C-alpha cells in the first residue's frame, strides 16, 4: 500500500516539475509557492509546527505563528520548483541570483588546502550552499538523508551528485566512516546540524533539549579543525544571499558537549534572523 502511495506521489511531483520547466523559474516558483501554502498544512500536523515554533519563540501569538507557518510552506514550494533549474544555478545563467558575502573566506580555504567543516541548517534553498562551495573549487563531501519515497529519492540522488555536490554521503554510521576517509584526503565536509538524529547527545536547543549530532565536535577533537558557519536567505522571490562566516577555532579545553552546545547556539541565531525560512515541520525535539 505504501509503495502505491509513493508511486502516486512520484507521478504527481514529476508532472509538476515538467510543468515548472516549461513555465520558467519565476512563474514556476510563484505557482509552487501558492500550491504548497494551500496544501502543505493538510499533510503535516499544525499542532506539531505550532509546538516547534513556540519552543523557540514562546512569546508569539497565533497570528504570528500562522504567518511563519504559511511562509515556511510557501518556501517549500519555491524550493521544489527550483530543483528543476538547479543546473542553471550552478552555471553562469543565474550568477546574478546568488549574492555571496564572504567569498574571500572560501578562497582562503581553497588556497590553504586544509579541510574544514561547514555547518548550517535547512534554511531556504539549503542545496545552494553546498552547490556554491563546490562551485568555488573546494573539495567537498556532504551528508544527506535519503527521502522516504524511493522513487523520488532515486531522482534526487542523481540531481544532487551531478549538480550540487558530487560526494554525497548517506546519513548513518557507515556514512560517518566515509566522511572520515574523505576528510583525511583533505576534503571539507558540509553538515546540516539541525537534523533529528538517533545517535548523538541531548543538547539544549532553544528552550528544550533534543538529540544533536556530535560529528562536528568529534572531528574538532580529533583533527583540531575549524568550523565554518554558512547561512542562506531568500532575499526576494528567486534571489538569495549566502553568508560565509569567519572560521571558528575551538580551544583544546572544549568538550564534545560544550562544542555541540555552542553550535546549537549558533544555529539558534541563524533561525531567529528569518524564522519563516527554517523548516519547522519536522519533529526536531522528539
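The numbers here are math on the coordinates, done by the rules we state, and not lab data. In this text, all values refer to a predicted model and were calculated from it rather than measured experimentally. Quick reminder, even Gly has a Cβ in these numbers, built from the backbone with ideal geometry, and neighbours come from all protein chains shown.
For the chain, modelled as a GNM whose springs connect Cα atoms under 10 angstrom apart, the maximal fluctuation among 250, 43, 20 occurs at 43. Rounded to a whole number of µm²/s, how large is the Stokes-Einstein D of the stretch 29-98 at 20 °C and 1.002 mPa s, given Rh as the Kirkwood radius over C-alpha pairs? Taking Rh from Cα pairs, D becomes 158 µm²/s. Among beta bridges from DSSP that stay inside the stretch 84-209, the antiparallel ones total about 15%.
Kirkwood hydrodynamic radius (Cα pairs, Å) of the stretch 108-221? For the stretch 108-221, inverting the mean 1/r across all distinct Cα pairs yields 14.9 Å. When 237, 194, 252 are sorted by how many other C-beta atoms sit within 10 angstrom of their C-beta, beginning with the fewest, the order is 252, 237, 194.
Report for the chain the percent antiparallel among DSSP-assigned beta bridges with both residues inside it, nearest 5. Write out the running numbers ahead of the final one.
On the way: 13 of 31 bridges.
Once the DSSP bridges in the chain are tallied, antiparallel ones form about 40 percent.
Which values, in whole Å and largest first, are the semi-axes of the equivalent ellipsoid of the chain obtained as the square root of 5 times each eigenvalue of the Cα gyration tensor? Display every interim value, and only then the final one.
Working: eigenvalues 166, 111, 72 Å².
Over the Cα atoms of the chain, the ellipsoid semi-axes are 29, 24, 19 Å.
Each of residue 44 and residue 139 was given a label point 7 Å from its Cα along the Cα-to-Cβ line. The distance between the two points is 3.7 nm. Here the simple spin-label model places points 7 Å from the Cα toward Cβ, and for residue 181 and residue 150 these points are separated by 2.4 nm.
Comparing Cα centroids, the stretch 1-63 and the stretch 220-234 end up 30 angstrom apart. Each residue, residue 283 and residue 198, gets one label point 7 Å from its Cα in the Cβ direction; the gap between the two is 1.3 nm.
Taking square-rooted eigenvalues a ≥ b ≥ c of the alpha carbon gyration tensor, is the stretch 1-129 rounded, prolate or oblate, where a/c under 1.5 means rounded and, failing that, a/b exceeding b/c means prolate? Oblate, because a/c is 1.5 or more while a/b does not exceed b/c.
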